[in-house]
Structure formats: C-alpha cells, structure tokens
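Since the structure comes first, as structure tokens, the remarks are kept for the end.
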Amino acid sequence: MTTRQTSCSCGRRTLTTQGEPVRVSICHCPACQRRTGSIFGTQARFPSGRVTICGESKVYVRTADSGNQISFHFCPNCGSTMYYQPGDDPNVIAVPVGAFADPEFPPPRVSVYESSRHRRASLPKDIEHVE
Ligand SMILES: [Zn+2]
Ligand SMILES: [Zn+2]
C-alpha cells in the first residue's frame, strides 16, 4: 500500500496517509482562495483510519455555505493547514495536496465552485465540473 507523508511549512508537523485518496478535488471558492493564498485549493480525501497525524494542531472552524462546520487544523508555529474535516462526513479527512510536495500525486478529478474560478486557472480536460 502506498504511504505518503506531508509536512507543514516549518517541518514540525507531519501527517502520513496509507493507500490512495478516495477523492482529489480542486475548490475555487473564495474561502479556499483566502485560506491558501492561492487561486484555488486542491485537496485529497482519505478515510480517517488511513491518516496518522503527528503533533498538535490549532483548529479554526468555519461554517460552509451548506451550513456544515468544517474544522481546519493548522500548525501553530507556521500556520500551514495540515488537514481538515468536512462537517458532512466525520469518517473522512481532507489533506491539502500541496503539503505532500509530490508532483506525482494523483491529479484532481473534480472541480467545484467554478462560479468563482479565476479564468486563467486551466484545468485537466477530463475533470468533472461542479458549480
Ligand atoms: Zn509548521
Ligand atoms: Zn473551497
């Protein structure tokens, strides 16, 4: 089974995943743009039982447009988002793909919140589009 490890920016917090992600997506929503400082967020979902988290994190809870509470866990030293838990499914952990710093990571298959997509953000041709 594939094992992958992430790191925060300062390297004090790591996270290990086992197996392949169940979903890799791009989100163009304004909240993801502000959280990441990039023009979209890319995240990989794993079953929570396949994720091992190392080190303490601070938590920021944001209420999504859907009304779900999303808990963002970030490194208290450098502020990198280590993972987050979508409020609609406690058995899933979403990990920012950038934290793996792995160009060979499986590509995103779903693109959401395209209403706020930067027009210069080009996407893979075979991606599923969700408004
Ligand atoms: Zn850190
Ligand atoms: Zn988003």
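Any idea which residue in segment 70-98 is farthest from the chain's Cα centre (by Cα), counting only those that are among the hydrophobic types (A, V, I, L, M, F, W, C) and surrounded by fewer than 19 Cβ atoms within 10 Å (Cβ to Cβ)?
Checking each candidate, the answer is C78.
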Test: residue in segment 79-102 that is within 16 Å of ligand 1 (Cβ to nearest atom), polar (S, T, N, Q) and either under 26 Å from R12 (Cβ atoms) or not in a strand (DSSP E or B) (or both): yes
Of all residues making up segment 35-69, the number that are among the basic types (K, R), part of a strand (DSSP E or B) and under 15 Å from the mean Cα position of the chain (by Cα): 2
Tally, over segment 75-119, of residues that are without any contact (Cβ under 8 Å) to a residue 24 or more places away in the chain and basic (K, R): 1
Top-ranked residue of segment 103-131 - restricted to ones that are in a helix (DSSP H, G or I) and out of contact with any helix residue (DSSP H, G or I) (no Cβ under 9 Å at 6 or more places or on another chain), ranked as surrounded by the fewest Cβ atoms within 10 Å (Cβ to Cβ): S115
Subset tally (residues that are over 14 Å from Q5 (Cα atoms) and in contact (Cβ under 8 Å) with a residue 60 or more places away in the chain) for segment 39-55: 3
Residues (outside any strand (DSSP E or B), touching a residue at least 40 places away in the same chain (Cβ under 8 Å) and over 16 Å from A121 (Cβ atoms)) located in segment 9-34: S9, C10, R12, R13, E20, P21, V22
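Rule-based calculations on the coordinates, nothing more; no lab input. What you are looking at is a predicted structure, and each value in this text was computed from that prediction instead of being measured. Counting neighbours? That spans all protein chains shown, and the Cβs are built from the backbone with ideal geometry, glycine included.
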